[in-house]
Ligand SMILES: Nc1ncnc2c1ncn2[C@@H]1O[C@H](COP(=O)(O)OP(=O)(O)O)[C@@H](O)[C@H]1O
Ligand SMILES: [Mg+2]
């Protein structure tokens, strides 16, 4: 339905291949994947373990280069860029959220969020601070700015990581199994944040292997053995906020022994 | 990334592992402290030798017969072919333009006796100019004039002699018996301390040279002539001139030199060059310990890079370039070695003071050694931090993030 708009894609990949040389053997992790993502889309990427999701997301995030094929991000071909140029793109246009949060230990929430802006010399320290505060408020952690990661729950840590991915105002947020380490309730809370960001216009590509998570997105791309198997537009996007309300109360969750 | 941010990151990383940081800079600390202390030792002894020799008169020149014998002959002229005589003194005073003052030195040996006190000290026969040549100053009384009272039985004495022969003080006007000849004390000298050769320059009895020649030695031979050049830098001209005048008087035609002329400048160079060599050896040893310290830094930086592989991966994932990571670790290694250097400098200054205080060794902490140590530490940080930092900057972000 997004194609109906006359917008240009924010991200476009064509015939993307990625091979890994393992001694004698060549692993074909991606075997020719093509699709476009348009501004404002919330795309989930699904597929069995080993289907190539992470490999693809790493290329989309400019952390890796395709063996062949084309990748245009924000109207700029990036498949042949050198290391430093890719780092500039990551710094300015990409926000990454990882499964294991990857916060710097013994570093406060706000300092963790400021981190990406340290590598952008155009941003003053005042602006850096202001943006980090705003991002933390957006993920509901206004009161936890000076907490260290080990003083925060898993869900809170992931929210700090989301704030970190937001702070450079990227053209797309990429998340690799961002709810993979979290229980159902916390996962839904995180999805609620992603849905809110999407409502504010953020483009999101979210890797998951859980169908109930995919149900919160407007489009689901399914990979199998390095090929695009299905590209599905979801007309009945579930509200994470609603789903959260429908969950049994947290006390019962605990009595069940939790979901972790 | 701004330098301030880089310094903050580095300090935080170093403070996180205080003990490890401390242990890894220990090599640098000890190396620098050793450099500072050893250079202070070398400089100190050089300075004190120079000071002492200056107190003997920097422009002093000694003239002695050139012995035909080989070996150590400074004080033994019995085998010499030529001797110095009073006429040489007059000739030098009259003709030499590069020479300011001239004095013969003739000595007699024995005991000085005052009442029940006796004191073994040699009797030194000189002319009044000797005081100026050797930087002696009068404390009390007057100096004799060797031309007016040529054979007078008078003397001027140094502080050590005063202390030993006149413990109750006030020696002026009293009489010292030297080999049963009474010498009246007409003056005392200000204390001068010991010379660079460990001689007590205050343990002296001066009397007119004619007195020693005629009354004690019964010959007119002069063992040594002391003179001083007109100023610093004239030592060589003065030497040549002295030899010229002495040879001219004797119509000397042989190719060998009849006399040996030695300047104080030569002596200073001779003594300080040995301590310079000592300085070089000490500094080399200290340099090696700094090098070993640098290897300690390199080791700890490799550990730090490996430990923080995941952090490096994350920083790269969110936009850090290889250069940013390189600088981060380079700053860390430079700061750690500068910290070590700073502590080492403080420790070095402290231990220099300690050596001065407890071992009584003359110490002079040289500003240059402090600056050089600091620069060397900076270079050590860059040099030994470079490879670990380069390794960190070349990591692949995906691989690094996967590191556990
Ligand atoms: N660095 C690598 N070296 C070799 N093989 C790799 C590498 N990364 C991924 N692969 C292989 O590529 C395939 C896809 O992996 P991945 O993208 O991680 O799958 P997913 O994230 O969907 O589980 C797997 O077979 C995996 O073993
Ligand atoms: Mg994966």
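The values are calculated or read from the model by the stated rules, or taken from the named source; none is laboratory data. Every value quoted in this text rests on a predicted model; they were computed, and no experiment measured them. Virtual Cβ from ideal backbone geometry, glycine too; neighbours counted across all protein chains shown.
If you check residue B:220 against the conditions, is it closer than 28 Å to residue B:148 by Cα, modelled with pLDDT of 85 or more and not in a loop (DSSP other than H, G, I, E, B)?
no
With the checklist (1) within 14 Å of another protein chain (Cβ to nearest Cβ); (2) surrounded by fewer than 23 Cβ atoms within 10 Å (Cβ to Cβ); (3) closer than 26 Å to residue B:28 by Cα in hand, flag the one item residue B:322 doesn't pass.
(3)
Going residue by residue through region A:69-82, is there one that turns out to be surrounded by 16 or more Cβ atoms within 10 Å (Cβ to Cβ) and within 16 Å of ligand 2 (Cβ to nearest atom)?
no
Could you check, for region A:60-68, whether at least one of its residues is away from chain B (no Cβ under 14 Å), farther than 18 Å from residue B:399 by Cβ, at pLDDT 95 or above and buried (at least 20 other Cβ atoms within 10 Å of the Cβ)?
no
Could you list, in sequence order, all residues of region A:193-211 that are in contact with a helix residue (DSSP H, G or I) (Cβ under 9 Å, 6 or more places away or on another chain) and loosely packed, with under 14 Cβ neighbours inside 10 Å?
A:200
For residues that are part of a strand (DSSP E or B) and under 28 Å from residue A:202 (Cα atoms), tally how many sit in region A:9-33.
Qualifying residue count, region A:9-33: 11.
Please go through region B:275-309 and give me each residue that is within 14 Å of another protein chain (Cβ to nearest Cβ) and touching a helix residue (DSSP H, G or I) at 6+ places or on another chain (Cβ under 6 Å), ordered by number.
Matches in region B:275-309: B:309 only.
Would you point out which residue out of A:10, A:72, A:37, A:45 is closer than 17 Å to residue A:176 by Cα, away from ligand 1 (no atom under 16 Å from the Cβ) and away from chain B (no Cβ under 14 Å)?
Residue meeting the stated conditions: A:37.
Give me a count of the residues in region A:34-68 that are in a strand (DSSP E or B) and closer than 20 Å to residue A:173 by Cβ.
Counting residues in region A:34-68 that are in a strand (DSSP E or B) and closer than 20 Å to residue A:173 by Cβ gives 8.
Going through region B:381-396 one residue at a time, which ones are buried (at least 17 other Cβ atoms within 10 Å of the Cβ) and not in a helix (DSSP H, G or I)?
Listed by number, the list holds a single entry, B:395.
Any idea how many residues of region A:102-133 are within 8 Å of chain B (Cβ to nearest Cβ), without any contact (Cβ under 8 Å) to a residue 40 or more places away in the chain and assigned to a helix (DSSP H, G or I)?
Count: 1.
Hey, could you check region A:87-101 for residues that are more than 9 Å from chain B (Cβ to nearest Cβ) and more than 16 Å from ligand 1 (Cβ to nearest atom) and say which is farthest from residue A:152 (Cα to Cα)?
A:93
Test of understanding: among B:358, B:378, B:403, B:367, which residue is surrounded by fewer than 16 Cβ atoms within 10 Å (Cβ to Cβ) and either within 14 Å of chain A (Cβ to nearest Cβ) or in contact with a strand residue (DSSP E or B) (Cβ under 6 Å, 6 or more places away or on another chain) (or both)?
B:403
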